[in-house]
Amino acid sequence: MKWLILVGLIAALVLAFTRMARAGELPKVGQAAPDFSLPDQNGVVHSLKEFSGKWLVLYFYPKDDTPGCTQEACAFRDDLHKLTALGAQVVGISVDDGKSHAEFAQKYHLPFPLLADSDKEVAARYGVLMNLGFIKIAKRYTFLIDPQGNINKVYDKVETSRHSQEIIDDLNKLLAAKP
């Protein structure tokens, strides 16, 4: 009986911590995507309106040059020609600074913008900021934003090895269903 109470208490604490750790609400499918204006790895500022009329794959990731983040970024790099052929652009965001992004992009030849959300405001607006006490990182989420600037799909369970292909498949289905 004590064991069952202990397991229940631990589960309740984990659930409470998980809810407290994420700042903000995730935007819902159909809602306008939260605006952003952030510098990329080259110091060029990008905003949501720049991508108007195109599909936008806006992916948040925890940390430059870590195994999962590298795998995800390199898959987007390798599939970029397929994504652009479908009318999509790829943009990554993390809370790392521009210098870190520049080194990461150069090391892996990443041809798309990596935006530096050093103030952590955009990650918070998208509901993906994880507050782990003294460390704050962006949780691995992707938002597929339609050409009108609305959230079309939220990917909250990202498998880095096949995520890029998952988005390509979803875009193919969306474009095939268009009249």
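Laboratory data are not the source of any read-out in this text; all were calculated from the coordinates shown. Because the structure is a prediction, the values reported are computed rather than measured. So basically every Cβ, Gly included, is an ideal-geometry build from the backbone, and we count neighbours across all protein chains shown.
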request  = Would you mind calculating the gained length between Val45 and Gln71 on full extension (0.36 nm times residue separation, minus the Cα-Cα distance), in nm to one decimal?
outcome  = 6.8 nm
key: For region 2-177, the fraction of alpha-carbon pairs in successive 5 Å shells from zero, as %   = 1, 8, 17, 20, 20, 15, 7, 5, 3, 2, 1, 0
ask   = Fully extended, how many nm does the chain gain between Lys107 and Glu121 (0.36 nm per residue separation, minus their Cα-Cα distance)?
value = 2.4 nm
ask   = Arranged from highest to lowest average of other beta-carbon atoms within 10 Å per residue, in what order do the peptides 97-104, 139-146 appear?
value = 139-146, 97-104
query = Between Gln31 and Asn131, 0.36 nm times their residue separation minus their Cα-Cα distance comes to what?
reply = 33.5 nm
Long pairs among Lys120/Lys178; Lys120/Lys173; Lys63/Lys178; Lys49/Lys157; Lys28/Lys107; Lys63/Lys153, criterion Cα-Cα beyond 31 Å = Lys120/Lys178; Lys120/Lys173; Lys63/Lys178; Lys28/Lys107
request  = Compute the label zone of Lys54 within region 76-96: residues whose backbone N is under 14 Å from the point 7 Å along Cα-to-Cβ.
outcome  = 80-92
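Using a Förster distance of 25 angstrom, determine the FRET efficiency expected from the C-beta separation of Asp97 and Lys157, and round it to 0.05.
Using R0 = 25 Å, I get an efficiency of 0.35.
Helix-derived [θ] at 222 nm for the chain: sum -39500 (n - 2.57) over DSSP H runs of at least 4, divide by residue count, nearest 500?
Helix contribution divided over all residues of the chain: -12500 deg cm²/dmol.
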ask   = If you line up the long axis of helix 163-177 against the longest principal axis of the chain, both from Cα atoms, how many degrees apart are they, to the nearest 10?
value = 60
